[in-house]
Amino acid sequence: MTVLSARPVRVTAPAARPGAFLPVLLISTFMTAIDAFIVNVALPAMQRDLDAGPAALEWVVAGYVLAVAAGLITGGRLGDRYGRRQVFGIGVALFTAASVLCGLAPTVGVLIGARVLQGLAAALLMPQVLAIVRTSVAPAEQPKAIARYGLTMGLGAVFGQLIGGLLIRADLFGLDWRLCFLINLPIGVAALALLRRVPESRHPATRLDLAGVVLVSAALVALVLPLVEGREQGWPLWTWLSLAASVLLFGLFAATQRRSAQPLVDLTLFRERAFSVGLVATQVFWMGQASFFLILALYLQVERGLSALESGVVFIAIGAGYLATSMYAHRIAARLGRQVVSVGALVMAVGLYGMWQAAGHGTGWLVPGLAVDGIGMGIALAPLTTTVLSRINPQHTGAAAGVLSTVNQTGNAVGVALIGIVFYRAADLTGGFRAGLVALIVLELALAAVIQLLPRR
């Protein structure tokens, strides 16, 4: 792997054979996708093994989330400047090394530090995946490639808990929860071994806007930190001050970007309606995903008494529905245009309503609603991602992908905070689950409405 270089190089022409390099991008995407969810299954075992308190365990999760959210926009811009394959490779190498450090951590403090490093590495590699697809895959092949990306992201999110439960149950070599992190070593090594298959592209840039990096990172931390920690701490004063500070910091960031000769994020991107409205729709979509997985897992494990592995098995119903439609979503989009996302949102709403009806009955009654929800998710995700990036100039692809990935992360954080409030205010967990489902149905209807603001073509 070569060192970072600012030497101007043209953006590469579309690759003739995306099948040669797309698997490298996808296995790395899957590695980062499951990591955000697999850790939730391992927390009880970590607490016992490392004698960790509740606050420390919260930071095992929050440290990763904050690092990813704070670094995605910068990571995307670094790929634009220094080479998307090169930054992707550095991200994979760091993520793999950080995963090993997590798996070998002797104390919870070391584990938290390694999780932060994992998050920073994920922020480097995640934006490059979409940027490489947009710059190195022929336009006619991009919807199919993004469909595979969406499939990978969705399966990682859906099956993260199941995979974690299986790894802990297997307890190979007595590694217990540590295997949830060490499993990334062979995946990362395989991705690095095949890295040369990935085409390189970059765009000349005279400098990195360091002021923009500092401001946007601080703004994102100020936004995400209270969302992650607020409910557990009862929303103390500092959480509201932090949210207010995030608004001020985002304002300062926008002002510096307008004046910068080489902005971190070119604000003219937001003049393109497919991008700006698409980001709003993406925020709404992801607000419903992590929050749904959270309340479903709590309902299954606490209220219904299922183990983490048994709960993960129930998630297979969503995965089956998602798998059935996600690979064909680009074909449905070719017929329906922007309305494909609305259709997916409405199908998800139907699935959520089915679960609302089944709540309080046997776990098996949830399965049809879960499958329908997965079908809708598979229809909506890839076409929504394609829409956001469809009209972006190649020189801004990395930055735009970084913004999109950041919206994914903030959407998850906002959704967990808001739906968590609804869930925990109910008198019992069944009531909380049903109240959360109602809120999620409202989100899906809102998503269908926002889609109407997209360009017709």
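The values are calculated or read from the model by the stated rules, or taken from the named source; none is laboratory data. Everything numeric here is computed off the predicted structure, so don't read it as measured data. Cβ placement follows ideal geometry from the backbone for every residue including glycine, while neighbour counts extend to all protein chains displayed. We work out accessible area using only protein heavy atoms, side chains counted, and drop any ligands, DNA or RNA first. Shrake-Rupley method; radii C 1.70, N 1.55, O 1.52, S 1.80 Å.
Annotations
- Restricting attention to region 98-115, the residues being open to solvent by less than 10 Å² (accessible area, probe 1.4 Å) and assigned to a helix (DSSP H, G or I) number 7.
- Summed over region 371-391, residues that are among the hydrophobic types (A, V, I, L, M, F, W, C) and surrounded by fewer than 24 Cβ atoms within 10 Å (Cβ to Cβ) total 4.
- Residue list for region 27-39, restricted to those being at pLDDT below 80 and among the aliphatic types (A, V, I, L, M): 36
Conditions tested, residue by residue: (1) at pLDDT 75 or above; (2) in contact with a strand residue (DSSP E or B) (Cβ under 8 Å, 6 or more places away or on another chain); (3) open to solvent by 50 Å² or more (accessible area, probe 1.4 Å); (4) aliphatic (A, V, I, L, M).
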| site | (1), (2), (3), (4) |
| --- | --- |
| 4 | no, no, yes, yes |
| 25 | yes, no, no, yes |
| 41 | yes, no, no, yes |
| 55 | yes, no, yes, yes |
| 59 | yes, no, yes, no |
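- Verdict on residue 251 being at pLDDT 90 or above, more than 22 Å from residue 377 (Cβ to Cβ), open to solvent by less than 50 Å² (accessible area, probe 1.4 Å) and not charged (D, E, K, R): yes
- One residue alone among 363, 386 is under 30 Å from residue 67 (Cβ atoms) and among the polar types (S, T, N, Q), and that residue is 386.
- Here is the figure for region 261-281: residues that are among the charged types (D, E, K, R) and assigned to a loop (DSSP other than H, G, I, E, B) total 2.
- If the condition is being open to solvent by 10 Å² or more (accessible area, probe 1.4 Å) and outside any helix (DSSP H, G or I), then region 125-157 contributes only 138.
- Output for region 173-203, where each listed residue is of a type in the set (Asp, Glu) and either open to solvent by less than 20 Å² (accessible area, probe 1.4 Å) or out of contact with any Gly (no Cβ under 7 Å at 6 or more places or on another chain) (or both): 176
- Checked against (1) within 30 Å of residue 244 (Cβ to Cβ); (2) in contact with a Leu (Cβ under 6 Å, 6 or more places away or on another chain); (3) not aromatic (Phe, Trp, Tyr), residue 150 passes all but condition (1).
- When region 290-330 is filtered for residues that are within 21 Å of residue 447 (Cβ to Cβ) and open to solvent by 10 Å² or more (accessible area, probe 1.4 Å), the ones remaining, listed by number, are 290, 293, 294, 324, 325, 328, 330.
- Considering region 158-172, the residues that are more than 23 Å from residue 93 (Cα to Cα) and among the small types (Gly, Ala, Ser) include one that is most open to solvent (accessible area, probe 1.4 Å), namely 170.
- Residue list for region 228-245, filter: open to solvent by 70 Å² or more (accessible area, probe 1.4 Å) and in contact (Cβ under 8 Å) with a residue 40 or more places away in the chain: 231, 232
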